[in-house]
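Here is the structure we will look at, set down as structure tokens.
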Amino acid sequence: YLTREGFHCHSMSYASTQAPLADHARSLKRIIEHLPHANPIHLVGFSMGGLVARAYLALGKDPRVQRLVTIGTPHQGAE
């Protein structure tokens, strides 16, 4: 849907239980750093992906990142 609406999309895969959230956030940071011409950047995170995106944002501000949308993200934790 986002591609059809004119957005250039990149996805990040990660083994959610194989590394700490902070490691996934640093991986996302490296991916974004390798998109030098992407501006603006909007992050969309589904489930734990939203937590990864929030952890990435806590690493420091990239002025190109303008929006975070989370879908089904357990912001208050999960059982």
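The values are calculated or read from the model by the stated rules, or taken from the named source; none is laboratory data. As the structure is a prediction and not an experimental result, all values here were calculated from the model. Cβ: placed from backbone, ideal geometry, glycine included. Neighbour counts: every protein chain shown. For the accessible areas, the whole protein counts, side chains as well, though only heavy atoms, and no ligand, DNA or RNA atoms are used. Shrake-Rupley method; radii C 1.70, N 1.55, O 1.52, S 1.80 Å.
Which one is nearest to Ile32 (Cα to Cα), of the residues in segment 60-79 that are out of contact with any Leu (no Cβ under 9 Å at 6 or more places or on another chain) and of a type in the set (A, V, I, L, M)?
Looking at residues that are out of contact with any Leu (no Cβ under 9 Å at 6 or more places or on another chain) and of a type in the set (A, V, I, L, M), I get Ile71.
Being at pLDDT 95 or above, in contact with a Gly (Cβ under 7 Å, 6 or more places away or on another chain) and within 16 Å of Tyr14 (Cβ to Cβ): is that true of Ala25 here?
It is false that Ala25 is at pLDDT 95 or above, in contact with a Gly (Cβ under 7 Å, 6 or more places away or on another chain) and within 16 Å of Tyr14 (Cβ to Cβ).
Quick check: is even one residue across segment 66-74 of a type outside the set (Phe, Trp, Tyr), in contact (Cβ under 8 Å) with a residue 40 or more places away in the chain and not in a helix (DSSP H, G or I)?
no
Collect the residues in segment 52-72 that are over 19 Å from Leu2 (Cα atoms) and either touching a strand residue (DSSP E or B) at 6+ places or on another chain (Cβ under 8 Å) or open to solvent by less than 70 Å² (accessible area, probe 1.4 Å) (or both), keeping them in residue-number order.
Result: Val52, Arg54, Ala55, Tyr56, Leu57, Gly60, Asp62.
Ile32 fails exactly one of the following numbered conditions: (1) in a loop (DSSP other than H, G, I, E, B); (2) open to solvent by less than 60 Å² (accessible area, probe 1.4 Å); (3) touching a helix residue (DSSP H, G or I) at 6+ places or on another chain (Cβ under 8 Å). What is the number of that condition?
Here Ile32 meets the rest and fails (1).
In the list Gly77, Gly49, Gly45, which residue meets the criterion of being surrounded by 10 or more Cβ atoms within 10 Å (Cβ to Cβ) and not in a helix (DSSP H, G or I)?
Gly45 is the lone residue from the list that is surrounded by 10 or more Cβ atoms within 10 Å (Cβ to Cβ) and not in a helix (DSSP H, G or I).
Can you tell which of His37, His10, His24 is in contact with a helix residue (DSSP H, G or I) (Cβ under 8 Å, 6 or more places away or on another chain) and loosely packed, with under 13 Cβ neighbours inside 10 Å?
After applying the criteria, what remains is His10.
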